[in-house]
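Student: One structure, as structure tokens, below. Some questions next.
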Amino acid sequence: MANKWEVFVMDLGELAEGKELELTIRTLNDGLHKYTYQRAKVEVSSKLDQFPDSLQVRLGRGQLSDRKFSIRVIERVERMPARYL
Amino acid sequence: MGKISAPKSNREFIEACVKSGDAVRIKQEVDWDNEAGAIVRRVCELGEAAPFMENIKDYPGFSYFGAPLSTYRRMAIALGMDPASTLPQIGAEYLKRTNSEPIAPVVIDKRDAPCKENILLGDDVDLCKLPVPLVHDGDGGRYVGTWHGVITKHPVRGDVNWGMYRQMMWDGRTMSGAVFPFSDLGKTLTDYYLPRGEGCPFATAIGLSPLAAMAACAPSPIPEPELCGMLSGEAVRLVKCETNDLEVPADAEIIIEGVILPDYKVEEGPFGEYTGYRTSPRDFRVTFRVDAITYRNNATMTISNMGVPQDEGQLLRSFSLGLELEKLLKSQGIPVTGVYMHPRSTHHMMIVGVKPTYAGIAMQIAQLAFGSKLGPWFHMVMVVDDQTDIFNWDEVYHAFCTRCNPERGIHVFKNTTGTALYPHATPHDRKYSIGSQVLFDCLWPVDWDKTNDVPTLVSFKNVYPKNIQERVLNSWADYGFRGAKK
């Protein structure tokens, strides 16, 4: 089943297409872990059928953007120092 | 001081509120994802009874108590007073209790502590096991801490701080929050932990007794555990944490223990706040790593939904900020007759009544107010004379519009300390907690001749002889008017 993700950006220009990005994204999948975050390497596309998962975008004050994207999560990235894990 | 009979726990408080009609039990299932938040928000905007939501989707056994102190009636119940008590009565009681002798807390055995009924350690720790709500649609995350106390201790001075610093769930083991640099915790971090690169132990207590929450919210110089004891008239029961040496209220519903990271931050926000706005965007903020969760059986999570007036963020902070300023001004010998913050000012305007006995008294009040620990939380001080009823906005507004000289009565203080939450501040000012403040001096100048220079207030109670006033009042109904005789 395709996953649903959300990202907060100040400017839609942060979601450049055609290259690998590192973003903090949160899951919108139903369940106890909904709205929890992870850091991940991703690719995004404004073509909604480009990648299997969907990405919803919110702006700086939580406003929901009209722009929708598809997203491929390449891999999870752990930035927290290992001593705290 | 007589025996105080105040609720000792969140549960006793809910029971008292239900009994008086100031809380309603909601039996039907409520979704933690927006629905609970929407209920609490509407309750705040309508001044309704507090919702006790007993059936939370996905979280059997847990419940929510929303808008715990968003009315003066519930504040009176929290203090063990008649719910119908007036604001001046509640304020007088707060001043009486907080001017009494401090009451030290007692530490009890873990076996007697309700908050230890369930203990999650190691791999079992997961914040998602708690019914953390999404309070407002569009918030940066689910907020664990909206009505709670973050407990820390300065390792050298030994000062214990219970503070209400908002906390967002980032993932199952990580929270992030807004901690201003001028706050007690902010100063402890910058003074000790951050320069040393050491983690700061913390404990978040949720579902506190209402007076413990009041203490955590009050900008008082008295340590919160003692302040809580003074407010409730007896020692607060504490118990030691599982993973650090902090002591937490034993009767709290949920305890989250961990470490504030000195060298790593995750994103936090945006979040709807007491100003009525989501002001600041998300940013990398103070990060809390969780080591343990303990909670009572059938734990109740408290939710404050801040937004437009009025919620407890405005009501309680206005109440305690005003009264703490009154104590400060009186301690300096200033002849204040009262201090009041209207909650609808979102605790931004302090109204001070004073006997104008010497020149510059309004400026002295403003300098003390803005220069104190309370100062960053408000940016307007309005000083009126002792003939103006500070609780009556019509009178205050009239005094402001007619006595505040645009040239001599308005004094702007620049480059002061402000909060990142001020909607009117620039993004730069918010980022660095840079503030500006203003005094509205609504006093007649002392060098005006009281007979020939000071205008006469033309009102029913001021210009007519007493016997005429009484005759008119007593004949009011006979004239054909309706309404109470006042």
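Where a number appears in this text, it was derived from the coordinates with a stated rule and is not lab data. Computed from a predicted model, the values in this text were never measured in an experiment. Neighbour counts run over all protein chains shown; Cβ positions are idealised from the backbone, glycine included.
Student: In the protein assembly as shown, how does Rg compare with the Kirkwood Rh, expressed as the Rg/Rh ratio over alpha carbon atoms?
Tutor: Reported Rg/Rh (Cα atoms, Kirkwood Rh): 1.01.
Student: Could I ask something else about it? Could you pull out every one of the lysines with an alpha carbon less than 22 Å from that of A:Lys68, ignoring same-chain neighbours closer than 8 positions?
Tutor: Reachable lysines: A:Lys4, A:Lys19, A:Lys34, A:Lys41, A:Lys47.
Student: Still on this model: Could you work out the local net charge near B:Asp447, counting Lys and Arg as +1, Asp and Glu as -1, over the other residues with Cβ closer than 14 Å to its Cβ?
Tutor: Combined, the nearby Lys, Arg, Asp and Glu give -1.
Student: Moving on. Seen from all sides and averaged, what is the projected area of the convex hull of the Cα atoms in segment B:10-143, in nm²?
Tutor: If you wrap the Cα atoms of segment B:10-143 in a convex hull and average its projections, you get 11.1 nm².
Student: Could you work out the longest stretch of chain A that avoids the trypsin sites (Lys or Arg not before Pro) located in DSSP loops with at most 15 other Cβ atoms within 10 Å?
Tutor: Free of exposed loop sites, the longest segment is A:48-78.
Student: With N set to the number of residues, divide the alpha-carbon radius of gyration of segment B:332-441 by 2.2 N^0.38 Å and report two decimals.
Tutor: After normalising by residue count via 2.2 N^0.38 Å, the value is 1.05.
Student: Could you work out the helix-only [θ] at 222 nm for the protein assembly as shown, with each DSSP H run of four or more residues adding -39,500 (n - 2.57) and the total divided by the number of residues, to the nearest 500 deg cm²/dmol?
Tutor: So the helix-based figure for the protein assembly as shown works out to -6500 deg cm²/dmol.
Student: Determine which lysines satisfy two conditions relative to B:Lys431: a Cα distance under 22 Å, and not lying fewer than 8 residues away in the same chain.
Tutor: Result set, ordered by chain and number: B:Lys187, B:Lys265, B:Lys373, B:Lys414.
Student: Counting other Cβ atoms within 10 Å, which GluC sites (Glu not before Pro) in chain A have at most 16 and lie in a DSSP loop?
Tutor: A:Glu17, A:Glu20, A:Glu78
Student: Okay, moving on. For segment B:425-472, run through the chymotrypsin sites (Phe, Trp or Tyr not before Pro) and keep only the ones in DSSP coil with at most 15 other Cβ atoms within 10 Å of their Cβ.
Tutor: B:Tyr432, B:Trp448
Student: While we're on this one: Can you give the net charge of the other residues whose Cβ lies under 11 Å from the Cβ of A:Phe69, counting K and R as +1 and D and E as -1?
Tutor: My count for the surroundings of A:Phe69 gives 0.
Student: Would you mind giving the average projected area, over all directions, of the Cα convex hull of segment A:1-82 in nm² with one decimal?
Tutor: Value for segment A:1-82: 6.1 nm².
Student: Would you mind putting B:373-386, B:332-345 in packing order, based on average other-beta-carbon counts within 10 Å, highest first?
Tutor: B:373-386, B:332-345
Student: Then there is this: Convex hull over the Cα atoms of chain B, averaged projected area in nm²?
Tutor: 25.7
Student: Scaled to the compact-protein estimate 2.2 N^0.38 Å, what is the alpha-carbon radius of gyration of segment B:99-142, rounded to two decimal places?
Tutor: Rounded to two decimals, the normalised Rg is 1.90.
Student: A follow-up question, please. Restrict the search to segment B:404-482; then list the trypsin sites (Lys or Arg not before Pro) that DSSP places in a loop and that have at most 15 other Cβ atoms within 10 Å of their Cβ.
Tutor: B:Arg408, B:Lys450, B:Arg482
Student: Give, as a single signed number, the net charge of other residues whose beta carbon lies under 9 Å from the beta carbon of B:Pro262, with Lys and Arg counted +1 and Asp and Glu -1.
Tutor: Value of the local net charge: -1.
Student: Further, regarding this structure: Sequence neighbours fewer than 8 away in the same chain don't count; with that in mind, list the lysines whose C-alpha is under 23 Å from B:Lys461.
Tutor: B:Lys355, B:Lys450, B:Lys485, B:Lys486
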